[in-house]
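The values are calculated or read from the model by the stated rules, or taken from the named source; none is laboratory data. Here the structure is a predicted model, which means the values were calculated and not measured. Cβ placement follows ideal geometry from the backbone for every residue including glycine, while neighbour counts extend to all protein chains displayed.
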Number of protein chains: 2
Amino acid sequence: MMNAVQHIEGKESSATHGCYLTLRKMILTGALPPGQKLKIEQLRGLLNTGTSPVREALSLLTSDMLVERIDQRGFRAAPVGRANFEEILLLRCALEDTALRASLANADQPWEERLVLAHHHMKTAGKKGTADFEDAHKSFHMALLSNAGLPMLERYCAQLYDLNIRYRYLAADGPRYGERSIEAEHQSILDAALERDAETAVRVLLDHYRRTGEYLSPQIKN
Amino acid sequence: MMNAVQHIEGKESSATHGCYLTLRKMILTGALPPGQKLKIEQLRGLLNTGTSPVREALSLLTSDMLVERIDQRGFRAAPVGRANFEEILLLRCALEDTALRASLANADQPWEERLVLAHHHMKTAGKKGTADFEDAHKSFHMALLSNAGLPMLERYCAQLYDLNIRYRYLAADGPRYGERSIEAEHQSILDAALERDAETAVRVLLDHYRRTGEYLSPQIKN
DNA sequence: GTCTCCAAAAATATCGATATTAATTGACAC
DNA sequence: GTGTCAATTAATATCGATATTTTTGGAGAC
């Protein structure tokens, strides 16, 4: 018998994975706010499944640093704070610097094509803030790093990307980005990557992150 | 009622955490060899507990990259390979560089004292290869980074430390370290750290890792 | 009022059983 | 022999119930 999650998500086979994806999205978007107690029974009802998949999904989210497990007192959504945000930014810069250089060092045509395509998808996807755009945006950034042949590093970067985007959602009610052109920044990153100019690509990419950081940081309370 | 794990491990409260620690050690030391299928029922018997704690522990180990989850086919100990080993080395160098510099930038007396103590414990602990020494060795390396105020980074470094030590155990039947003096290297790292000489400390630390890497890498098949 | 302590309630952690899914085996056709 | 398919076996994933632990709330002492 199919349960609700499988019905909604379609392809997904296991209840655990369905819970994982749903809970993750809820935490990332702020539907489950930082610090909130995550009661098994409540989530079990919400996700229309048993306790085991919920617990297992929460365990997995623990390692994504989106959920904290408290001794024998269950789980809660990971808290946020400026120090945490700054650390995410620092780590992203350090890791993506390494990853992008490695990716560029292995640059080849198939990768270039994947990259161009990912960029195109991002441009044609819905406006900023929509789920479509966010997916495409992540795909573009991951495509940049995807040729490094360093799967663990890519995993860390993806993890940090998600942690960072969480702060974007949390600050969604703050002031808009203003005059800054995200599109132009993406274009510059793409251009430098296609020209295999590592120095420029890294500089532009990290500037992109730091600028977003400077914009978001003051909005984070604590 | 107490179960076997609690009885053995003493303090540990939850069955899940007990399973986690035991399974982790077994994978790190090679008692559960790379690639091995990890059958729930078999582990449940071995750990003298139910299926839920075993599954949850395996989920947690998945995020430590010590266990792989295969679609709907259960779990297996993460495979090993030279490429993986080299990536671990690369990431350790990149991350510990950042962490050590940050730690030194915040250097203060309490930290110095913790560091000196950790080094002393390592020297007085049992000979290399014993569990005591290995614990003290990890503590010393973590103490170096512990003043950075970057908890996520420290977590990554600890994770990578464990992944690396796994290769040491796997290569334990290979040739001995030979003439190289690990103790002298540790002393140099400590000295540079206490003098707050970041450049030297980082150089010596990374040399320490790379030397171990050069020694281990050829022994890894595949 | 406020503190301590004990009982009641709620939540977690764990277990054992069932349903589901994958792997295995062997019969049969070619 | 070799490959395919169905029946069997084995393992996983999930459920519902129980035991354990933590939290809550309130009575009584000071």
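Would you be able to say whether some residue in the stretch A:30-46 is within 11 Å of chain B (Cβ to nearest Cβ) and among the hydrophobic types (A, V, I, L, M, F, W, C)?
Taking every residue of the stretch A:30-46 in turn, none turns out to be within 11 Å of chain B (Cβ to nearest Cβ) and among the hydrophobic types (A, V, I, L, M, F, W, C).
Please list, ordered by first then second residue, the pairs with beta carbon atoms under 7 Å, 6 or more apart or interchain, first in the stretch B:66-77 and more than 11 Å from every other protein chain (Cβ to nearest Cβ), second acidic (Asp, Glu).
B:Phe75/B:Glu68; B:Arg76/B:Glu68
Mind checking which residues of the stretch A:40-77 are away from DNA strand D (no atom under 11 Å from the Cβ) and assigned to a loop (DSSP other than H, G, I, E, B)?
If the condition is that a residue be away from DNA strand D (no atom under 11 Å from the Cβ) and assigned to a loop (DSSP other than H, G, I, E, B), then A:Asp64, A:Met65, A:Leu66 are the ones that fit.
Is there a residue being farther than 21 Å from A:Thr16 by Cα, more than 17 Å from the chain's Cα centre (by Cα), crowded, with 21+ Cβ neighbours inside 10 Å and not aliphatic (A, V, I, L, M) anywhere in the stretch B:26-43?
no
Here are B:Arg44, B:Arg73, B:Arg69: which of them is out of contact with any Asp or Glu (no Cβ under 9 Å at 6 or more places or on another chain), outside the structural domain of B:Ala201 (by TED's automatic domain parsing), closer than 27 Å to A:Leu58 by Cα and more than 11 Å from DNA strand C (Cβ to nearest atom)?
B:Arg69
Are any residues in the stretch A:25-39 in contact with a strand residue (DSSP E or B) (Cβ under 9 Å, 6 or more places away or on another chain) and assigned to a helix (DSSP H, G or I), and if so, which ones?
Within the stretch A:25-39, A:Met26, A:Ile27 qualify.
Which count do you get for residues in the stretch B:82-94 that are more than 10 Å from every other protein chain (Cβ to nearest Cβ) and more than 17 Å from the chain's Cα centre (by Cα)?
Quick first cut of the stretch B:82-94, residues more than 10 Å from every other protein chain (Cβ to nearest Cβ) only: B:82, B:85, B:89, B:92.
If we keep only those that are more than 17 Å from the chain's Cα centre (by Cα) as well, we get B:82.
Number satisfying all stated conditions: 1.
Regarding B:Arg55, is this residue of a type in the set (Lys, Arg), buried (at least 21 other Cβ atoms within 10 Å of the Cβ) and closer than 20 Å to A:Glu56 by Cα?
In short, yes.
Taking the stretch A:184-210 on its own, how many of its residues are touching a residue at least 12 places away in the same chain (Cβ under 8 Å) and closer than 17 Å to A:Ala94 by Cβ?
Residues flagged as touching a residue at least 12 places away in the same chain (Cβ under 8 Å) and closer than 17 Å to A:Ala94 by Cβ within the stretch A:184-210 amount to 10.
Of all residues in the stretch A:99-114, which are over 20 Å from the mean Cα position of the chain (by Cα), assigned to a helix (DSSP H, G or I) and of a type in the set (A, V, I, L, M)?
Within the stretch A:99-114, A:Ala102, A:Leu104, A:Ala105 qualify.
Listed here are the residues, each with its yes/no results for (1) buried (at least 18 other Cβ atoms within 10 Å of the Cβ); (2) assigned to a helix (DSSP H, G or I); (3) at pLDDT below 95; (4) of a type in the set (Lys, Arg).
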site	(1), (2), (3), (4)
A:Asn84	yes, yes, no, no
A:Ile88	yes, yes, no, no
A:Glu96	yes, yes, no, no
A:Val116	no, yes, no, no
A:Lys128	no, no, yes, yes
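Under 9 Å between Cβ atoms, which residue pairs at least 6 apart in sequence (or on different chains) link something in the stretch B:23-39 that is without any contact (Cβ under 8 Å) to a residue 12 or more places away in the chain and outside the structural domain of B:Asp173 (by TED's automatic domain parsing) with a partner that is surrounded by fewer than 16 Cβ atoms within 10 Å (Cβ to Cβ) and part of a loop (DSSP other than H, G, I, E, B)?
So the pair list comes out as B:Lys25/B:Ala31.
Would you check if B:Ser52 is among the polar types (S, T, N, Q), within 13 Å of another protein chain (Cβ to nearest Cβ), away from DNA strand C (no atom under 16 Å from the Cβ) and in contact with a helix residue (DSSP H, G or I) (Cβ under 7 Å, 6 or more places away or on another chain)? Before you say what the answer is, go through the steps one by one.
Working: among the polar types (S, T, N, Q): yes; within 13 Å of another protein chain (Cβ to nearest Cβ): yes; away from DNA strand C (no atom under 16 Å from the Cβ): no; in contact with a helix residue (DSSP H, G or I) (Cβ under 7 Å, 6 or more places away or on another chain): yes.
Here the answer is no, as B:Ser52 does not meet what is asked.
Conditions (1) within 14 Å of chain B (Cβ to nearest Cβ); (2) touching a strand residue (DSSP E or B) at 6+ places or on another chain (Cβ under 6 Å); (3) among the aromatic types (Phe, Trp, Tyr), marked per residue:
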{"position": "A:Glu96", "(1), (2), (3)": "yes, no, no"}
{"position": "A:Leu100", "(1), (2), (3)": "yes, no, no"}
{"position": "A:Ala105", "(1), (2), (3)": "yes, no, no"}
{"position": "A:Ala125", "(1), (2), (3)": "no, no, no"}
{"position": "A:Phe140", "(1), (2), (3)": "no, no, yes"}
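Would you confirm whether or not the stretch A:66-79 contains a residue that is among the aromatic types (Phe, Trp, Tyr) and within 23 Å of B:Thr16 (Cα to Cα)?
The answer is yes, given that some residue of the stretch A:66-79 is among the aromatic types (Phe, Trp, Tyr) and within 23 Å of B:Thr16 (Cα to Cα).
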